[in-house]
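Here's the structure we're looking at; comments come further down.
The values are calculated or read from the model by the stated rules, or taken from the named source; none is laboratory data. Keep in mind that what you see is a predicted model, and the values were worked out from it rather than measured. Here the Cβ positions follow ideal geometry from the backbone for every residue, glycine too, while neighbour counts run over all protein chains shown.
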Amino acid sequence: ARDRLRKWRDENERKSEDVVDLFISYIGSNLSKLGDEKWVVMEQVAIASMDMHNLPIAEDLIMELKERFPKSERVRLLQIQRLNLLGRHEDAMKGLDAMIDRDPTNSVPYKRKIAILKSLGRTTEAIKELSEYLNRFMSDQEAWSELCDLYLSEGEYNRAVFCAEELVLHTPHNFFVHQRLGDIRYTMGGIENLKLALSYYSQALKLNASSMRSIFGLFLSASSLSTNPRVPPADKKEYTRVVTWAVDQITKRYSGTNVLEDGKAEMLAGVFGALQIQG
Amino acid sequence: MSSVPDSSSVSNQQVNFDLRAFCKVILHVTKYPQNPVNGVLLREKRKDKDAGSRKFVIQDAIPVLHMSKYTTPMMEFALTQIEQYCKGSDMEVVGYYQANESLKDNQPDIVALRISEKLAESNPNLIVVMINNDQLNSNLECAPFTLYQVNEGKLRPKEARINLLPDEDGALSTVSALIQAKSYRHLIDFDNHLEDISLNYWINPTLNEEIEQLSS
């Protein structure tokens with residue numbers, strides 16, 4: 001059990017339900033046997049139990065941790081998380097502001113504060129704080145990704161694109177960031193955006209040939225362009241070629257499974273037909 | 001555009017949910033508590049002999065997304081696949097469900113409106129179900145739904161009683177048992193299908209069996 005907990009800690013996995021279950025069934029009664037590891041485990045379980053809204057377990061652990069590490073900023077974070085759970089969000093944010101004052105180079109309290117604002121639906125403030133945070137911590141990918149999502153939720157597609165492009169700059173070999181840009185450009189619509197979507201999906205596929213999202217995206221973009229009346233015929237031919245290739249790829253992949261048993265194989269053909277008519 | 005009254009359309013009083021549909025919606029939401037989720041609701045197509053006598057029952061649900069809510073391509077593709085699936089199995093899309101990301105946020109948003117409007121093109125009586133996140137519990141006391149309908153470019157609340165089949169207590173206890181048995185781990189949505197296309201998100205056969213077993 002302790003190995004599993006360690007693995008989840010190292011890999012930063014959010015397996016809160018499992019962590020709490022493990023604690024209740026094994027770890028809780030055997031804490032003393034863990035030696036020095038016990039404090040890290042307690043922190044891990046405290047976080048997990050708050051995620052599961054299990055306040056009693058969390059509070060006991062936080063109390064013990066506070067006794068052992070009275071000046072710890074990490075313990076302070078747990079206390080602030082508890083405030084959140086109790087609905088005392090303003091107090092939690094004040095606590096985070098104080099942490100930021102004490103140490104402006106610690107990125108954690110900034111992000112917690114933004115998370116609270118987001119959960120309260122105060123998206124505009126969350127965006128403002130996150131933008132300021134990124135001015136300081138420019139290479140925080142998770143933050144760029146989060147800001148991208150926030151802009152998308154507000155319909156600010158151009159700004160979302162800017163964030164998504166930052167991610168491509170940071171990790172150009174990651175197919176996912178190209179695919180995501182493809183998704184955003186496709187959503188924005190119009191010939192220029194569709195062309196861009198097509199190129200992003202292509203790049204994603206070059207980096208990861210098995211990405212279904214990318215191949216579906218490629219099909220949709222090419223399909224839309226190939227049936228758009230304002231696209232010159234020479235380009236249309238090219239896009240149609242891409243559509244044919246994509247259809248072939250998709251059909252091949254589905255044929256490798258038996259998910260579309262008898263009768264449903266026509267379904268795929270129907271899908272391609274329907275999407276091309278819609279253009 | 002005026003809609004021709006359909007004799008099997010929703011009576012303004014009651015919307016019925018079959019156990020299978022109800023469980024799939026709840027399990028989808030439960031599987032991804034930190035994500036916005038959405039999907040469509042189906043029933044068997046009406047056969048002419050049924051005209052006029054049929055209760056409006058939502059019989060099944062197809063879970064679609066738990067990622068990329070604000071971008072459109074995957075949803076578009078899924079809806080087209082689902083349309084074709086319906087053609088091949090004599091089903092029709094009669095509703096759309098959505099659960100927002102935030103616990104306190106139960107309002108239909110621009111995504112709900114956009115998707116509902118699209119679906120309402122083929123079915124003006126589309127039922128839109130918003131999940132009331134704050135009513136979610138491993139021991140549900142009632143169906144945590146608020147109903148809406150597309151009307152003049154907006155989603156307006158729909159006055160109707162929600163009726164769980166075969167009976168409210170039975171349905172609620174079955175879904176609670178499923179949650180406690182962690183059956184939501186077996187639920188497959190379109191996003192899961194994209195990661196592994198051998199997974200059947202249209203039917204969810206494994207889950208159907210589990211629901212069947214627990215309810216008998």
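Okay, here's what the table says:
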| quantity | calculated |
| --- | --- |
| Any chance A:ALA126 is among the hydrophobic types (A, V, I, L, M, F, W, C) and within 20 Å of the chain's Cα centre (by Cα) | yes |
| Hits in the range A:121-158 (condition: of a type in the set (A, V, I, L, M) and crowded, with 16+ Cβ neighbours inside 10 Å) | A:ALA126, A:ILE127, A:LEU130, A:LEU134, A:ALA143, A:LEU147, A:LEU150, A:LEU152 |
| Residues being surrounded by fewer than 14 Cβ atoms within 10 Å (Cβ to Cβ) and part of a helix (DSSP H, G or I) - total across the range B:154-182 | 3 |
| Residue match in the range B:115-127 (condition: touching a Lys or Arg at 6+ places or on another chain (Cβ under 7 Å) and among the hydroxyl-bearing types (Ser, Thr, Tyr)) | no |
| Residue check, A:GLY95 in contact with a helix residue (DSSP H, G or I) (Cβ under 9 Å, 6 or more places away or on another chain) and either modelled with pLDDT of 90 or more or acidic (Asp, Glu) (or both) | yes |
| Meets criteria (of a type in the set (D, E, K, R), more than 17 Å from the chain's Cα centre (by Cα) and surrounded by 21 or more Cβ atoms within 10 Å (Cβ to Cβ)) for A:LYS113 | yes |
| Residue in the range A:89-110 that is nearest to the chain's Cα centre (by Cα), counting only those that are loosely packed, with under 15 Cβ neighbours inside 10 Å and in a helix (DSSP H, G or I) | A:VAL108 |
| Residue count, the range A:48-61 (criterion: touching a Lys or Arg at 6+ places or on another chain (Cβ under 9 Å) and surrounded by fewer than 18 Cβ atoms within 10 Å (Cβ to Cβ)) | 2 |
| Test: residue in the range B:183-205 that is crowded, with 20+ Cβ neighbours inside 10 Å, more than 14 Å from chain A (Cβ to nearest Cβ), touching a His at 6+ places or on another chain (Cβ under 9 Å) and not basic (Lys, Arg) | yes |
| Scan of the range A:135-161 for residues that are over 17 Å from the mean Cα position of the chain (by Cα) and part of a helix (DSSP H, G or I), ordered by number | A:ASN135, A:ARG136, A:TYR157, A:ASN158, A:ARG159 |
| Residue count for the range A:1-46, restricted to those that are in a helix (DSSP H, G or I), of a type outside the set (Phe, Trp, Tyr) and surrounded by fewer than 19 Cβ atoms within 10 Å (Cβ to Cβ) | 22 |
